[in-house]
Amino acid sequence: MNLERIRATAERVARSEGLEVVDVEWKVGKQRFLRVYIDRVTQKVAVPDDVMAADVAGAEVLAGDPDPKISHADCERVSQQLSVILDVEELIDGPTGYILEVSSPGLDRALKKPGDFERFVGRLAKISTSEPIGDAKFFEGRLAGIADGKVRMELKGREPRVVEIPLEGIRKANLVVEF
């Protein structure tokens with residue numbers, strides 16, 4: 001099976017719906033699962049340099065929801081279209097069936113692409129690394145952006161500090177749900 005062809009197909013379908021593919025997973029156990037995580041494409045609206053967004057009436061409408069939600073209908077549309085293409089183009093190998101699951105990445109979504117770390121600046125996240133940075137392999141703090149291939153994270157504690165984590169050293173990164 002060519003997961004990259006499946007990902008490209010899923011991205012084409014999602015794009016046609018104004019959405020983006022966050023991740024594609026293939027899991028084999030008692031059943032075979034193809035999981036496709038979709039999200040809304042965030043749109044940044046330019047506000048002129050001489051105008052503060054807070055000074056613009058309805059600025060939140062202009063800027064759009066920084067964390068737009070995926071609906072059940074979004075998942076259903078992508079699932080229906082993708083299912084037909086996967087079957088017609090025979091992109092899933094093997095004689096037995098599979099389960100296609102299309103969903104949102106969730107509130108504790110994984111952060112995988114450099115753009116994810118920029119998009120969620122200010123949000124609480126957990127990052128684990130393959131190799132220690134300083135004396136730690138686990139970090140929890142506020143995302144402060146990305147520059148020169150390094151994720152910046154503001155850590156709290158007795159001594160608040162900013163740590164820079166190289167993208168290639170990140171083993172796993174997720175947003176943390178805040179209430």
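The values are calculated or read from the model by the stated rules, or taken from the named source; none is laboratory data. Keep in mind that what you see is a predicted model, and the values were worked out from it rather than measured. Using ideal geometry, Cβ is built from the backbone for each residue, glycine included, and neighbour counts are taken over all protein chains shown.
Among the conditions (1) out of contact with any Pro (no Cβ under 6 Å at 6 or more places or on another chain); (2) in contact (Cβ under 8 Å) with a residue 24 or more places away in the chain; (3) surrounded by 17 or more Cβ atoms within 10 Å (Cβ to Cβ), the only one that residue 146 does not satisfy is (1).
Answer yes or no as to whether residue 118 is more than 22 Å from residue 28 (Cα to Cα) and touching a Gly at 6+ places or on another chain (Cβ under 8 Å).
On the way: more than 22 Å from residue 28 (Cα to Cα): yes; touching a Gly at 6+ places or on another chain (Cβ under 8 Å): yes.
Answer is yes for this residue.
Of all residues being surrounded by fewer than 12 Cβ atoms within 10 Å (Cβ to Cβ) and in contact (Cβ under 8 Å) with a residue 40 or more places away in the chain in the range 95-106, which is nearest to residue 165 (Cα to Cα)? Just the residue, please.
Once the filter is applied, the top-ranked residue is 99.
For the range 99-130, taking the residues that are touching a strand residue (DSSP E or B) at 6+ places or on another chain (Cβ under 7 Å) and among the small types (Gly, Ala, Ser), the one that is farthest from residue 40 (Cα to Cα) is identified as 130. Annotation for the range 159-178: at least one member residue is surrounded by fewer than 16 Cβ atoms within 10 Å (Cβ to Cβ), of a type in the set (A, V, I, L, M) and farther than 28 Å from residue 74 by Cβ. Residue 73 satisfies every condition listed in (1) in the same structural domain as residue 26 (by TED's automatic domain parsing); (2) assigned to a helix (DSSP H, G or I); (3) surrounded by 12 or more Cβ atoms within 10 Å (Cβ to Cβ) except (3).
Go through (1) of a type in the set (A, V, I, L, M, F, W, C); (2) free of Cβ contacts under 8 Å to residues at least 12 places away in the same chain; (3) within 25 Å of residue 20 (Cα to Cα) and name the single condition residue 179 misses. It is condition (3) that residue 179 fails. Could we say that residue 137 is surrounded by 13 or more Cβ atoms within 10 Å (Cβ to Cβ), assigned to a strand (DSSP E or B) and touching a residue at least 60 places away in the same chain (Cβ under 8 Å) here? When the stated conditions are applied, residue 137 does not pass them.
Of all residues in the range 88-129 being among the β-branched types (Val, Ile, Thr) and within 19 Å of residue 35 (Cβ to Cβ), which is modelled with the highest pLDDT?
102
The condition (being part of a strand (DSSP E or B), among the acidic types (Asp, Glu) and touching a helix residue (DSSP H, G or I) at 6+ places or on another chain (Cβ under 9 Å)) is satisfied by just one residue among 164, 131, 154: 131. Please work out if residue 121 is of a type in the set (Val, Ile, Thr) and touching a residue at least 24 places away in the same chain (Cβ under 8 Å). Answer is yes for this residue. The test for being at pLDDT 50 or above, touching a Phe, Trp or Tyr at 6+ places or on another chain (Cβ under 6 Å), in the same structural domain as residue 93 (by TED's automatic domain parsing) and not aromatic (Phe, Trp, Tyr) does not hold for residue 40.
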